[in-house]
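First the structure, in the form of structure tokens, and then the observations on it.
The values are calculated or read from the model by the stated rules, or taken from the named source; none is laboratory data. The model shown is predicted, which means the values in this text are computed figures rather than measured ones. Positions of Cβ are backbone-derived with ideal geometry, glycine not excepted, and every protein chain shown enters the neighbour counts. Accessible surface is based on the protein model in full, side chains and every heavy atom, while ligands, DNA and RNA are left aside. Shrake-Rupley method; radii C 1.70, N 1.55, O 1.52, S 1.80 Å.
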Amino acid sequence: MTKLIRVVKENRLAVITIDNPPLNVISKQVFRELGETFDELSKDTETVAVLITGAGNIAFAAGADIKEFPNMMGNPNMKEMVKESHAVLTKIDQLPKPTIAVLNGLTLGGGCELALACDLRVAETQVQIGLPEVKLGLFPGAGGTQRLSRLVGNAKAKEIIFTGDPLGAIEAEKIGLVNKVVEQGCGLSEAKVLASRLTRHSLQALSRIKKAIDEGSEATLEQGLEIETNLFEEIFQTEDVKEGVSAFLDKRKPAFVHR
């Protein structure tokens, strides 16, 4: 079976490419391979950040594979199938490394849900992003109703999901759905520049920053401060903080070992 996920590692960065032409739809195989890939990356101490993009210049990922939908209708295992999709996207969401989705074309349905599971999103100017499931009599079932509302607010999320109409890159940036818009064809190179600003830092610090923000945003302020305090205590026990402080005092660049 031909692999639909390609991984290239360079300079503490892993670049994942979905290669399922023509539209890089998120099939069961793509989900399975993504899960396996992120299992490996979670154990990879050399990789500090991860980029995800789509092959070609038409689509990042233009939704789920609708040809697989008939098998879901009336299926007694439907709930378990949905949970499997949730598990993969949660694995991506909770990866203890920064993740950046590089949107280089259509980013719809399951493709949008995949992008929402990443920490940051860089979109090329031609990108159309949205959750059009309502047009099929459905609604987003792989985390879209939950992650989109947490990112852009309930009212805007409802508008996007109720209408099913995609947003252009500029509008998506205005509402905070994407972090940065770049020229067509420049998404991957610009995302690598952004990633290089992350990978120069300690993975021990980056992973705790991510955890503090993600867990704290679902808690009260008091609970969030407790989460931050515990993680701040942890970071002071790492080799990287010793190296960072020493490098600062010695006026040199730190050489982090990520432990």
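To the nearest 20 Debye, how big is the dipole of segment 180-259 about its Cα centre, given +1 on the beta carbon of each Lys and Arg and -1 on that of each Asp and Glu? Roughly 640 debye, rounded to the nearest 20.
Just the protein heavy atoms count here, and of the accessible area of segment 190-240 at 1.4 Å, carbon and sulfur take up 55 percent.
Across segment 104-113, computed HN-Hα scalar couplings (Karplus, 6.51 cos²θ - 1.76 cosθ + 1.60, θ = phi - 60°) run 10, x, 3, 10, 10, x, x, x, 5, 5 Hz from first to last residue, x flagging Gly and Pro. Put +1 on the Cβ of each Lys and Arg and -1 on the Cβ of each Asp and Glu in segment 23-75; which of Asn75, Ser27, Ser42 then has its Cα farthest toward the positive end of the dipole? So the residue we want is Asn75.
Could you provide, to the nearest whole Å², the per residue accessible area of segment 169-232 with probe 1.4 Å?
62 Å²
What's the magnitude of the charge dipole for segment 34-160 around its Cα centre, counting Lys and Arg as +1 and Asp and Glu as -1 at the beta-carbon? Answer in Debye, nearest 20. All intermediate terms of the calculation are to be shown ahead of the outcome.
Numbers: 12 positive and 15 negative charges, 102 e Å.
Using Cβ point charges on Lys, Arg, Asp and Glu, segment 34-160 gives about 500 debye.
From helices alone, the chain scores -14000 deg cm²/dmol at 222 nm; the rule is -39500 (n - 2.57) for each run of n ≥ 4 DSSP H residues, then divide by the residue total.
Counting pairs of Cα atoms in segment 1-66, how many percent are more than 19 Å apart? Taking all Cα-Cα pairs of segment 1-66, the fraction more than 19 Å apart is 31 percent. For the pair Ile58 and Glu36, a Förster radius of 22 Å applied to the C-beta separation gives a FRET efficiency near 0.30, rounded to the nearest 0.05. Extension gain for the segment Ala255 to Thr229, taken as residue separation times 0.36 nm less the Cα-Cα distance, is 6.8 nm to one decimal. Taking amide H as placed 1.01 Å from N in the peptide plane, the amide H of Leu106 sits under 5 Å from that of Ala59, Phe60, Gln128, each at least 5 places away or on another chain. Which of Lys174/Lys242; Lys97/Lys156; Lys9/Lys67; Lys97/Lys253 have a Cα-Cα distance over 31 Å? Checking Cα-Cα distances, Lys174/Lys242; Lys9/Lys67 exceed 31 Å.
The gain in end-to-end length when the Glu10 to Ala219 segment is fully stretched comes to 71.6 nm, 0.36 nm per residue minus the alpha carbon separation. Computed from the alpha carbon atoms alone, the convex hull of segment 138-255 holds 161 Å³ per residue.
So what is the relative contact order of segment 187-259, in percent, for Cα pairs below 8 Å that sit 6 or more residues apart?
Details: 47 pairs, mean separation 22.4, N = 73.
With pairs under 8 Å counted, the relative contact order is 31 percent.
Projected label points at Cys186 and Leu138, each 7 Å from Cα along the beta carbon direction, are separated by 3.5 nanometres. Local charge for Ala255 was computed over the other residues whose Cβ lies under 13 Å away, with Lys and Arg +1 and Asp and Glu -1, and equals +2.
What share of the DSSP beta bridges in segment 1-120 is antiparallel, in percent to the nearest 5? For segment 1-120, the DSSP antiparallel bridge percentage is about 30. Measuring nothing but protein heavy atoms, the accessible surface of segment 25-114 at 1.4 Å probe radius is 56 percent carbon and sulfur.
Computed about its Cα centre, the charge dipole of the chain is approximately 400 debye, with only Lys, Arg, Asp and Glu carrying charge at their Cβ. The DSSP beta bridges internal to the chain are antiparallel in roughly 25% of cases. Once both labels are positioned 7 Å from their Cα atoms along Cα-to-Cβ, the gap between Glu80 and Gln29 label points is 2.3 nm. Counted by Cβ distance under 15 Å from Lys180, the other residues give a net charge of -2, where Lys and Arg count +1 and Asp and Glu count -1. Computed over the chain with a Gaussian network model linking Cα atoms closer than 10 Å, the most mobile of Val193, Val152, Val178 is Val193. For segment 22-162, rounded, prolate or oblate, judged on the Cα gyration tensor with a ≥ b ≥ c (square roots of eigenvalues), a/c < 1.5 rounded, else prolate if a/b > b/c? Rounded shape, in that the Cα axes give a/c under 1.5.
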